[in-house]
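See structure below.
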Amino acid sequence: MELAEHRVMENGLPEVIDGETSARVPLREGRVYPCNPAGLVRKRAYIFDGMGNFYHKDWDLADLFQKEEKEGGLGEGRGKEFSWYHVELPKGNQKLSQSAQDLIGVFCPPLKLQDILSLVSNGPFCAHVDGVLVFRVNSPGPPSSDFTFRIAARVTEHSVVTVSLGRVPRLGFSRVGESLLSEIPSLENSSSLRGQQEERSGTVIKEHVLDFLLTMNHSEEADNPVPRSASNLVVHIIDTHVDQLQDLVTKIEMELDSVELDLDKGGYALKKQMLDDRRFPKLHINLQRLLQVIAHGEQVYLRVKEKCSSKRWFGSDDLSSLEELIGRLRRMKENVGFIVNRVTAIQASLDSWQSEQINRKLYYLSFLSIIFLPLSIITGVFGMNVGGVPWTGQNAPELKYGFRNVMLLCVAMLFLVLLCFLFPVLYTRIAAAWRNKRALGRNWSLNNRKSLLRRSLRIGDQDRGGYLRI
């Protein structure tokens, strides 16, 4: 396969670097690959000083890797500083190969194709790639779905590279004071409270914002504790992924509560619409996909904990935090199982309601058939034209009993049909009666034999007694 190494310049144009030829590697053609369009992929970079402060930085991943290679990967002279490079893939209907091309346009150089594939492929993964820890929890499915989650990370002591599908809540960092949760809230202006509203000061919180915040079990980006090491950052990334899953579970629970309330109050139209939309079968499938993501996350993060426990720069407190996050995933998996049972119960109730509606319609049809069946029989009998029917004698004008013969033939056919239906029952009863009669006959004959034997024994005893007296 022909490959070409390229480096993305700051102006967005790729620079082709022809590889050297050797006896094992064929001559590669110089080929210019199309660069990723700006705006489809969001990227951001942070640098942390290890003292609780962070700064935004330029995308200098290639320079960082060159510096690490010069320093031998030990990071001498940099102290506790570490960097974080994050890429958000767009949530759209694009193929996995397109996502791989997006990452190639952002990360290459310095990352290799093996690194790109380990970050973008589907399924769970946790291993060392070229001596660097790489893990991912990428669920298969359409990227535009709310139940498709992808998070991948490449972790070293002084740098962390992450890839996510869409925006992950609370993943980034912002300055303290920009958080909405730290503001004093106030109600929206209304005619009754307008005078009191002018006296109060605070940020107006609208109803839809409150609905959104109630589905979140975590704070905003401005309230995130700034990591002091790469291990803190890894725990923060996994924590935000678990929070994202928990947000979806909470949202589903709230929707199910409202749906159950609507079903209790709703009528025919609402239930018919839910059945036509196949809402709960689709939700059941999505919940199975969510369970798969949670199970993969539990497996991967457990392996991450095992592999990080042997690294000297990974703190013991962070290992304990990873254990707590794994426990959260286990409890979340049980909770999703309960939600699946609720969805199954709701779908069963809708199916029962649908069967009741069908039975009611069939009852109405059977009632109509009871009314019109005798009328149809009468009209059918008296509307028969028996002329030319065999065995009726209608061809002979002196015979006037053709209608009677047809009626007798119909009665005979009806008797034959009833006999066919009643034959299994009659056969079963006759066979049972015959078996009972034979059993009684055997018992009677056996009892007779026993009585005869007893009688003969008595006679024999009497004869012996007479001989003894003589």
Here the residues of the range 341-371 lying in the modelled label zone of Leu418, meaning backbone nitrogen under 15 Å from a point 7 Å along Cα-to-Cβ, are none
Geometric extent, Cα atoms of the range 99-166 - Rg, Dmax (angstrom):
11.7, 34
Would you list, by chain and number, the lysines whose Cα falls below 18 Å from the Cα of Lys282, excluding same-chain residues fewer than 8 positions away?
Lys251, Lys271, Lys272
Just grab the label-to-label distance for Leu291 and Ser309, each label 7 Å out from Cα along the Cβ direction, in nm (one decimal).
2.9 nm
The range 292-335: C-alpha gyration tensor shape, a/c 1.5 cut-off, then a/b vs b/c:
oblate
Using 0.36 nm per residue, how much length does the chain from Arg331 to Val129 gain when fully extended, once their Cα-Cα distance is taken away?
69.6 nm
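Loop-only trypsin sites (Lys or Arg not before Pro) in the range 80-146, please: DSSP not H, G, I, E or B, and at most 15 other Cβ atoms within 10 Å.
Sites meeting the loop and neighbour criteria: Lys80, Lys95, Lys112.
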Largest-first ellipsoid semi-axes for the range 256-390, taking √(5λ) over the Cα gyration tensor eigenvalues, angstrom:
65, 17, 9
Nearest-0.05 FRET efficiency for His284 and Gln357 at R0 = 30 Å, using Cβ-Cβ distance, is 0.85
Over the range 237-297, average the accessible area per residue using a 1.4 Å probe and give it in Å², no decimals.
48 Å²
Taking just the alpha carbons, could you work out the radius of gyration and Dmax for the range 88-127, both in angstroms?
10.3, 29
Spin-label model distance (nm) - Ser320 vs Arg167, 7 Å beyond Cα toward Cβ:
3.5 nm
Exceeding 31 Å between C-alpha atoms, which entries from my cross-link table qualify? They are Lys67/Lys333; Lys57/Lys333; Lys57/Lys91; Lys80/Lys333.
Lys67/Lys333; Lys57/Lys333; Lys80/Lys333
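The values are calculated or read from the model by the stated rules, or taken from the named source; none is laboratory data. Note that the coordinates shown come from a computational prediction; the quantities given were computed from them, not determined experimentally. Every residue, glycine as well, gets a Cβ built from its backbone with ideal geometry; the counts of neighbours run over all protein chains shown. The accessibility values were calculated without ligands, DNA or RNA, using every heavy atom of the protein model including side chains. Shrake-Rupley method; radii C 1.70, N 1.55, O 1.52, S 1.80 Å.
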